[in-house]
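Trainee: Shown below is the structure under consideration.
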Amino acid sequence: MNRSALLLGAVGLTMGLSGGLSGMAVADTSGKRIALSNNYAGNSWRQSMLQTFTEAGDKAVADGVVAAADAYTTSENQATEQAAQIQNMILQGYDAIILDAASPTALNGAVEEACNAGVTVVSFDGIVTAPCAWRIAVDFRGMGREQVDYLAQRLPDGGNLLEVRGLAGVFVDDELHAGITEGVAAHDQFKIAGAVHGDWAQDVAQKAVAGILPSLPDIAGVVTQGGDGYGTAQAFAAAGRDMPLIVLGNRKDELQWWADARDENGYETLSLSIAPGVATLAFWVAQQILDGKDVPKDLTVPFLKVTADTLDETLAATPDGSVANTVYTAEDADKVIAAAIAAPSENGAK
Amino acid sequence: MIRLFTRYRILLPVVSLALLLGATFYMQPRAMSYFGLNLLFNLAVPIALATLAQMMIIMVNDIDLSLGAFVSLVACVTATWLNDAPLVGLLILLVLVLAYAAMGAVIHMLDLPAIVVTLGMSFVWGGIALFLLPSPGGVSPDWLRALMTIKPPFVPMAVAAAVLIAALTHLLIMRSGIGTVLRGVGGNARSVGRAGWPVVRLKALAYGLAGLFGVLAGMALVGLTTSADANIALRYTLLSVAGVILGGGEFTGGKISPVGAVIGALTLALAASFLSFLRLSPDWQVGAQGAILILVLTARLLFTRRDAQA
């Protein structure tokens, strides 16, 4: 078992599945039933999430860790429907519900009903604000900071940065941008020379970057939000400019481009995003809570980082048009919980 | 037996609900309890109120496509103003009811198609809701939360509320004089007008009643969810139309049944739960829900045909 790869959280799907539960106290939850309440299934990230959860859940059931791990999806992304779905799960006698919520607030009534009935509720990605539920949130701000930290480490002399942003007016874009701004303030050798909106899409990013490039000085690095790295690289190549250090976002085409550039000229960068397998992390957190472990209510999703060491492995495991994924294990859940216990204040940043 | 069904239109919705309830109890015996019934039906209470609101509009031969957005707006007002400044909140809700009444009057006076006006208004309600609550949040007033989670003896809140709402609306629409005249507007507005009734005011009254029930639906919803979201009840537009028709109402002629509408709403809510207990794949659930609806409507059509032949 390649444990160091596991620690990096950057294992391919197949590796993650073979990742053992060795050393876990799992007997106590063998009679427990866990349900996934999902609000939407209309994009590749969600499809990937459901598939990963089903695989990991079936494995856990086969291993006797839990009695059931069932996935339910509402037909439309509607809070009232999902609230009814959660209430049905209470009736079905599930011991824990993991939840990607349609609304942070509109499900609170149903979540409270569940808590009152003694059901453990763990929300992830789309989290709920009900105090009795656990939250596994994405630290987008930290993701922005991390990009600049990486650039500072690779480019100690600093330089000009280009920022490719997401869809204007969306919370995720604001948070990532705030994180990047904080990162640039911390590393004052960098300066944001220009910013464009790439809308998390390769074609939009390519057009936007191509449009702003002629007006820019030499660019040393590009910070992105995922889904826009490949388009950015294409724009730089088309303009005949030196390829800057582009931080990528785990999309298959981005990773493929990186692998090609590496084979050609030894290009090295960092790619990071949130893995759809976060549903399996929520699953293990729920299992640990059912096991009687004391888990803080606010946890943070680790980023799935692809480094030069894990690039080939990840690339091989990622289907075309998809996003790099990982299946989290009980050990990963342990680490996330330990991190939250060690630094509770960091989770307040969102 | 067929004659029995045609004579008592209410029988079909009652039998549909009973069958579905029996199947649900068989699938999930845990539902057969005070606690279980409440969980099964508490989210049907706002749907039932919204269905009655839609029924008021269908009663006068119109249809309301803005109901879901309106209930969402009420939910936003309830979770913000009604909680922070109850008097201002009540005033806003009152204005909303009056706006509904005015909408009915305008539709009648200018002879506009209700389907277009209400579709347009749905964007207005949605816009105001987003303005009030740009991101999901707000808090349900404590008294409302207490009311919706009350635990009466013997009968769970959801069932008690459904019976109470159905009975009161039945008295108002089926038994009272004004209710009969309102149904008459749907049946034959011209003769009601010739008989000396001001049809504009009657239509405004019907729409105002719809607004009132819409407000009650939004408040009940917030009492259950504890907070609001500008898109919280968009599904209610179609659910409410389906509920009215499932409950024995018809799109024209003022033929409606308040008790049937409440039962129709409960049936729809139960159908969704039943399908989820069946562990049917989500891809099939929407279709299956539609199939149940078509099944009941087909049964009704068969009975009406037989009746016509007899």
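Trainee: FRET efficiency for A:Thr181 and B:Lys255, Cβ-Cβ distance as r, R0 = 45 Å, nearest 0.05?
Mentor: 0.10
Trainee: Using 1/(1 + (r/R0)^6) with R0 = 22 angstrom and r between the beta carbons of A:Ala68 and A:Asp28, what's the FRET efficiency to the nearest 0.05?
Mentor: According to the calculation, E is roughly 0.90.
Trainee: Just how far, in whole angstrom, is the range A:129-155 from the range A:41-97 if you go by their alpha carbon centroids?
Mentor: Using only Cα atoms, the two centres lie 26 Å from each other.
Trainee: Cα gyration tensor of the range A:58-146, axes a ≥ b ≥ c as square roots of the eigenvalues: rounded (a/c below 1.5), prolate (a/b > b/c) or oblate?
Mentor: The shape class here is oblate.
Trainee: In percent, how large is the relative contact order of chain A, given Cα pairs closer than 8 Å and 6 or more residues apart?
Mentor: 20 percent
Trainee: Rounded, prolate or oblate: which one fits the range A:140-273, using the alpha carbon gyration tensor with axes a ≥ b ≥ c (rounded when a/c is under 1.5, else prolate when a/b beats b/c, else oblate)?
Mentor: rounded
Trainee: I need B:Arg145, B:Arg30 ordered by Cβ neighbour count within 10 Å, fewest first.
Mentor: Lowest to highest Cβ neighbour count: B:Arg30, B:Arg145.
Trainee: Another one. For chain B, just list the percent of Cα-Cα distances falling in each 20 Å bin from zero outward, please.
Mentor: Bins of 20 Å from zero give 33, 59, 9, 0 percent of pairs.
Trainee: May I ask for the net charge around B:Arg235, where only other residues with Cβ less than 11 Å from the Cβ of B:Arg235 are counted and Lys, Arg are +1 while Asp, Glu are -1?
Mentor: So the environment of B:Arg235 carries a net charge of -2.
Trainee: Then there is this: Express in whole angstrom the spacing between the alpha-carbon centres of the range B:115-189 and the range A:283-306.
Mentor: Result: 41 Å between the Cα centres.
Trainee: Please list 3J(HN,Hα) in residue order for the range A:235-243, calculated via the Karplus relation 6.51 cos²θ - 1.76 cosθ + 1.60 where θ = phi - 60°; whole Hz, with x for glycine and proline.
Mentor: Ordered by residue, 3J(HN,Hα) equals 5, 5, 5, 5, 7, x, 9, 4, 6 Hz.
Trainee: Over the range A:179-336, calculate the relative contact order: mean separation of alpha carbon pairs under 8 Å at least 6 apart, over the residue count, as a percent.
Mentor: 19 percent
Trainee: Apply the Karplus curve 6.51 cos²θ - 1.76 cosθ + 1.60, θ = phi - 60°, to the phi angles in the range A:120-133 and return the couplings in whole Hz, x for Gly and Pro.
Mentor: Each residue of the range A:120-133 in turn: 7, 10, 10, 9, 9, 6, x, 8, 10, 8, 3, x, 7, 8 Hz.
Trainee: While we're looking at this one, here's another question. Determine the alpha carbon to alpha carbon distance for each of A:Lys293/A:Lys335; A:Lys32/A:Lys59; A:Lys59/A:Lys252; A:Lys191/A:Lys252; B:Lys203/B:Lys255; A:Lys32/A:Lys293 and list only those over 20 Å.
Mentor: A:Lys59/A:Lys252; A:Lys191/A:Lys252
Trainee: Name the residues of the range A:313-342 whose amide N is less than 14 Å from a point 7 angstrom out from the Cα of A:Asp263 along the C-beta direction?
Mentor: What the label zone holds, given the 14 Å backbone N cut-off, is A:313, A:315-316.
Trainee: Test of understanding: ordering B:Cys76, A:Cys132 by Cβ neighbours within 10 Å, fewest first, what list do you get?
Mentor: So the residues, fewest neighbours to most, are A:Cys132, B:Cys76.
Trainee: Express the relative contact order of chain B as a whole percentage, based on alpha carbon pairs under 8 Å and six or more residues apart in sequence.
Mentor: 36 percent
Trainee: I want the local charge near A:Thr29. Using Cβ-Cβ distances under 13 Å, sum +1 for each Lys or Arg and -1 for each Asp or Glu among the other residues.
Mentor: That works out to -1.
Trainee: Using θ = phi - 60° and the Karplus relation 6.51 cos²θ - 1.76 cosθ + 1.60, list the HN-Hα couplings for the range B:193-206 in order, rounded to whole Hz, with x at every Gly or Pro.
Mentor: Result, ordered by residue: x, 5, 6, x, 8, x, 5, 4, 5, 5, 5, 4, 5, 4 Hz.
Trainee: Grab the Cα-Cα distance for B:Leu130 and B:Thr304, subtract it from 0.36 nm times how many residues apart they are, and report the gain in nm with one decimal.
Mentor: That works out to 58.2 nm of additional length.
Trainee: Under 5 Å between amide hydrogens, which residues at least 5 positions from A:Gly194 or on another chain qualify, with H placed 1.01 Å from N in the peptide plane?
Mentor: It is A:Leu161, A:Glu163, by chain and number.
Trainee: Moving on to the next point. Run the helix sum for the protein assembly as shown: -39,500 (n - 2.57) per DSSP H stretch of 4+ residues, divided by residue count, reported at 222 nm to the nearest 500 deg cm²/dmol.
Mentor: About -18500 deg cm²/dmol.
Trainee: What does the charge add up to near A:Thr307, with Lys and Arg as +1, Asp and Glu as -1, over the other residues with Cβ less than 13 Å from its Cβ?
Mentor: Net local charge, A:Thr307 excluded: -2.
Trainee: Counting only residues 5 or more places away or on other chains, whose amide H sits under 5 Å from the amide H of A:Val222 once H atoms are built in the peptide plane?
Mentor: A:Leu162, A:Leu245, A:Ile246, A:Val247
Trainee: Antiparallel versus total DSSP beta bridges in the protein assembly as shown: what percent is that, nearest 5?
Mentor: Counting DSSP beta bridges with both partners in the protein assembly as shown, the antiparallel share is about 15 percent.
Trainee: If I model a spin label at A:Gln51 and B:Leu4 as a point 7 Å from the Cα along the Cα→Cβ vector, what separation in nanometres do I get?
Mentor: 5.4 nm
Trainee: Work out how much length B:Ser191 to B:Ser33 would gain on full extension: take 0.36 nm times their residue separation and subtract the Cα-Cα distance, in nm to one decimal.
Mentor: Taking B:Ser191 through B:Ser33 to full extension adds about 51.9 nm, to one decimal.
Trainee: Continuing with the same structure: Provide B:Val95, A:Val204 in ascending order of the number of other Cβ atoms located within 10 Å of each residue's Cβ, fewest first.
Mentor: By the 10 Å Cβ count, ascending, the order reads B:Val95, A:Val204.
Trainee: Under 5 Å between amide hydrogens, which residues at least 5 positions from A:Thr300 or on another chain qualify, with H placed 1.01 Å from N in the peptide plane?
Mentor: So A:Thr300 has HN proximity to A:Ala137.
Trainee: Rounded to the nearest 5, what is the percent of antiparallel bridges among the DSSP beta bridges in chain A?
Mentor: Taking every DSSP beta bridge with both residues in chain A, the antiparallel ones total about 10 percent.
Trainee: With a 10 Å cut-off between alpha carbons and a GNM built on chain A, which of A:Ile90, A:Ile136, A:Ile98 moves the most?
Mentor: Top of the fluctuation ranking is A:Ile90.
Trainee: Extension gain B:Asp111-B:Phe123, at 0.36 nm per residue separation less the Cα-Cα distance, in nm?
Mentor: Taking B:Asp111 through B:Phe123 to full extension adds about 2.2 nm, to one decimal.
Trainee: Shifting gears a bit: Once each part is reduced to its C-alpha centroid, what is the distance from the range A:167-202 to the range B:56-96 in angstrom?
Mentor: First find each Cα centre; the distance between them is then 40 Å.
A short reminder: the numbers here are calculations on the coordinates, not readings from a lab. Everything quoted here is computed from the prediction, not taken from an experiment. So basically every Cβ, Gly included, is an ideal-geometry build from the backbone, and we count neighbours across all protein chains shown.
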